[in-house]
Structure formats: C-alpha cells, structure tokens
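A short worksheet on the structure shown next.
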Amino acid sequence: MSTNIFFQLPATITTERTILRKTTLADAANLFDIWSDTEVAKFMNIEKFSTILQAKEMIQAIENEPNACRYTIFDTTNPLQAIGSLGINDINNKSKTIEIGYELAQNYWRQGLMFEVLTVFLNIAKPFLPYKTITAKVLPENIASIKLLEKLNFDLISTGPELDLHSGKICEISNYHVNLR
C-alpha cells in the first residue's frame, strides 16, 4: 500500500521549544554533525557518519521511501541549527504498525525536549496515520529512551536479537509499542 499521509502532514510543526521541519537535503550538514557523533550513532543503531555525503544519502533514501518521512528538529532560540530529527521509519502493512525513530544531539539530552516533540508530533500525525499502533526499537542500555517511551505510555512487547548496524554484530533490541486510539 502506497501511503500519501506524508503529503497531508504539515511541512512545519512547532512545539513550545522546538520547530520541526520536513527534512530536505539542505539539512545534510546540520544532521551530519549529529549523525557523526559516536554516542548518538550508537543509539541510532547506525555506523557513525564520516562524510556529509552519507547524510545526504540517508536523507535521499528517506525521501525516496514511500513509507517513511523525517523531520529535522530545531531549537526555537537558534532556528538555523538542527538539534535532532524524528520521523516515521516504516509503515508495516502486514503487522499494521508504524515504526518511529528519533535522535537528539548530545547537548540536548535529558531536557524533556523529545517528550515534548513526540507528544506534539504523534497528536498531529494521528488523524493521518493508517494504523494506530506505533512502535519504536531501542537498545536495552538506552535507559533515557526507554524512560521516554514509558512516559509516552509505550509498553515493552519483546526483546530479541537484531543486527546492530553500529557494531555490525547481533545485539539485543527492545521493541516498544503504544496504541493511539
């Protein structure tokens, strides 16, 4: 099923402290700064980026994927500097679920920003989503992200082996979900 929900979602979403804008290639340099950080990449389950070209390729891949979209997150006090991103990684028609993913630059960790962003994003996106079960994959050692998901009423549904793109090894991944109904 090809989804057109991404055309219906607003191009810009504002929260109290952030501005979310649909990610474009113009965001590559800003996102490279985040995706090239070893600690951030580890929790994203990717190999840290070493070139801006990798960021451009990631953005292009998301733009070309009909079941994915991404927003770049900016701090309202510095609207030209990206502080992270979030979006829909996949719409799975077989399991009728929608997987989200998110990350923040380290300087913005543990300030409640992602709770604020995800709360607003999910509320705005909810009417457009074909399924109401939202999933997120988290490394079990990413305690801050687990606490965030629990605060958003996500429940742990499973933990099992998956390929860790950061290390290239099989590792445990925890799968969380919430029903937005």
Work out which helices of the chain, taken as complete DSSP H runs, extend at least 15 Å along their axis over the Cα atoms and score a mean Kyte-Doolittle of 1.6 or more, then list them.
-> 113-125
By its C-alpha gyration tensor, with a ≥ b ≥ c as the square roots of the eigenvalues, how is region 1-100 shaped: rounded for a/c under 1.5, else prolate for a/b larger than b/c, else oblate?
-> oblate
Please report, in debye to the nearest 20, how large the charge dipole of region 35-80 is about its Cα centre when each Lys and Arg carries +1 at its beta carbon and each Asp and Glu carries -1 there.
-> 20
Local electrostatic count, THR15, Cβ distance below 13 Å [Lys/Arg +1, Asp/Glu -1] | -1
What FRET efficiency, computed as 1/(1 + (r/R0)^6) with R0 = 30 Å and r the Cβ-Cβ distance, is obtained for THR12 and LEU163, rounded to the nearest 0.05?
-> 0.30
Pairs over 19 Å Cα to Cα, from LYS96/LYS137; LYS42/LYS137; LYS48/LYS151; LYS96/LYS126, come to LYS48/LYS151
Taking a ≥ b ≥ c as the square roots of the eigenvalues of the Cα gyration tensor, with a/c under 1.5 meaning rounded and otherwise prolate when a/b exceeds b/c and oblate if not, region 46-139 is oblate
Residues meeting the amide H criterion for THR18 (H placed from the backbone, H to H distance under 5 Å, 5 or more places apart or on another chain) are THR76
Here the relative contact order (percent) of region 49-101, from C-alpha pairs under 8 Å and at least 6 apart, is 24
Relative contact order for the chain, counting Cα pairs under 8 Å that sit 6 or more residues apart, in percent | 20
Go through ALA41, ASN92, LEU113 and say which Cα lies farthest out towards the positive end of the charge dipole of region 5-131; charges sit on Cβ, +1 for Lys and Arg, -1 for Asp and Glu.
-> ASN92
Would you work out if the chain is rounded, prolate or oblate? Take a ≥ b ≥ c from the square roots of the eigenvalues of the alpha-carbon gyration tensor; rounded if a/c is under 1.5, else prolate when a/b is larger than b/c, oblate otherwise.
-> rounded
In region 54-102, which trypsin sites (Lys or Arg not before Pro) are in a loop and have at most 13 other Cβ atoms within 10 Å, using DSSP for the loop call?
-> LYS94, LYS96
Potential extension, GLN81-ILE170 segment - 0.36 nm per residue separation minus Cα distance = 28.6 nm
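Every number in this text was worked out from the coordinates using simple rules, so none of it is lab data. Just so it is clear, the structure is predicted and the values come from calculations on it, not from any experiment. Note: ideal-geometry Cβ built from the backbone for every residue, glycine included; neighbour counts use all protein chains shown.
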